[in-house]
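To start, the structure itself, in structure tokens.
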Amino acid sequence: DMMKDLLGLRELEKKLEADLGVKKVIVVAGNSDQDNWVKREMGRACISELKRIIEPEDVVAVMGGTTLAAVAEMMQPDPKIKKAVFVPARGGLGEQVENQANTISAELASRAGAQYRLLHVPDQISEEAYSSLVLEPSVKDILKLIQSACTVIHGIGDAKTMAKRRDSVNSFIDKLNREEAVAEAFGYYFNRSGELIHKQRTIGLQLDDLGEHKSVISVAGGSSKAEAIAAYMKYRPSDVLITDEAAAESLLNIR
Ligand code: BG6
């Protein structure tokens, strides 16, 4: 029955909080590998968590992906945050338009009735282009805004899935295999122990910017992501992890 199911999910949450060292874990029913509605349920949980912590004029930085797109879908109008600003956390990392951080921050803002700013950066950017781009006044302005974000919302991916989705070259896929990459978040790749293996160059938030003063909400589910979630939480335990039952159960098995 429903009471028993809810108790089961609460128990999973408590166990994961202890195991992963994450302050707050929210587990929704189902498996997002199989059912798309589960991503929207994680999205719903993410929006209510965001609304609980957000201040009226906060800056919220978001990443891309299909999970974050489902988060944006669940946003509802909210006059309290009409002055809040949604921004992409980082520049282009190779996604279809609907799954790009820019699109998702605009979507969140327009559904909430809040503000947004875009960051235009090509996906693959050379060292030279990178250093001149960050000097552009308009880019500088938005970078400052991004740095000031107090809340960051992001997805986590399986390393190989993400490398393929980004059309990475074979030599890079070989490197990920050799170094046993299992997780990807923010364009960074990690091994099972949560060690950083590769950084994709783009402007915006860098991993080192995720200090203690920023509240980080990670949203990732499906049993296929269990290893990735475990690895990333070793690198930087999030303030809030929103996941699903299938990922939660597999997570408890691999630890
Ligand atoms: C990407 C982010 O847009 O989405 C990645 O850049 C993240 O850091 C990924 O891992 C997650 O995608 P999805 O579709 O599995 O939610």
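The values are calculated or read from the model by the stated rules, or taken from the named source; none is laboratory data. All values reported here derive from a predicted model rather than from experimental measurement. Glycine gets a Cβ as well: all are built from the backbone with ideal geometry, and neighbour counts include every protein chain shown.
One table, with the values for the structure above:
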{"quantity": "Enumeration of residues in segment 207-234 that are at pLDDT 95 or above, out of contact with any helix residue (DSSP H, G or I) (no Cβ under 8 Å at 6 or more places or on another chain) and more than 13 Å from the ligand (Cβ to nearest atom)", "calculated": "Lys214, Lys234"}
{"quantity": "In segment 234-245, the residues that are in contact (Cβ under 8 Å) with a residue 60 or more places away in the chain and surrounded by fewer than 23 Cβ atoms within 10 Å (Cβ to Cβ)", "calculated": "Pro237, Asp239, Val240, Glu245"}
{"quantity": "Residues being crowded, with 17+ Cβ neighbours inside 10 Å, over 13 Å from Ile229 (Cα atoms) and more than 15 Å from the chain's Cα centre (by Cα) - total across segment 169-193", "calculated": "1"}
{"quantity": "Residue in segment 112-127 that is near the ligand (Cβ under 10 Å from one of its atoms) and under 18 Å from the mean Cα position of the chain (by Cα) present", "calculated": "no"}
{"quantity": "Top-ranked residue in segment 72-88 [being of a type in the set (A, V, I, L, M, F, W, C) and within 23 Å of Ile203 (Cβ to Cβ); ranked as farthest from the chain's Cα centre (by Cα)]", "calculated": "Ala84"}
{"quantity": "Counted residues, segment 121-158 - those being of a type in the set (A, V, I, L, M), within 28 Å of Asn191 (Cβ to Cβ) and at pLDDT below 95", "calculated": "2"}
{"quantity": "Hey, Val134 surrounded by fewer than 22 Cβ atoms within 10 Å (Cβ to Cβ), within 22 Å of Val87 (Cα to Cα) and either over 15 Å from the mean Cα position of the chain (by Cα) or within 14 Å of the ligand (Cβ to nearest atom) (or both) or not", "calculated": "yes"}
{"quantity": "Segment 210-223, residues that are buried (at least 17 other Cβ atoms within 10 Å of the Cβ) and closer than 23 Å to Gln100 by Cα", "calculated": "Leu210, Ser215, Val216, Ile217, Ser218, Val219, Ala220, Gly221, Gly222"}
{"quantity": "Residue match in segment 52-65 (condition: away from the ligand (no atom under 14 Å from the Cβ), under 14 Å from the mean Cα position of the chain (by Cα) and not polar (S, T, N, Q))", "calculated": "yes"}
{"quantity": "Residues (of a type in the set (S, T, N, Q) and surrounded by fewer than 20 Cβ atoms within 10 Å (Cβ to Cβ)) located in segment 104-126", "calculated": "Ser110, Gln115, Gln124, Ser126"}
{"quantity": "Matching residues, segment 183-200, being without any contact (Cβ under 8 Å) to a residue 24 or more places away in the chain and within 11 Å of the ligand (Cβ to nearest atom)", "calculated": "Tyr188"}
{"quantity": "Residues being touching a Ser or Thr at 6+ places or on another chain (Cβ under 8 Å) and within 11 Å of the ligand (Cβ to nearest atom) - total across segment 70-102", "calculated": "6"}
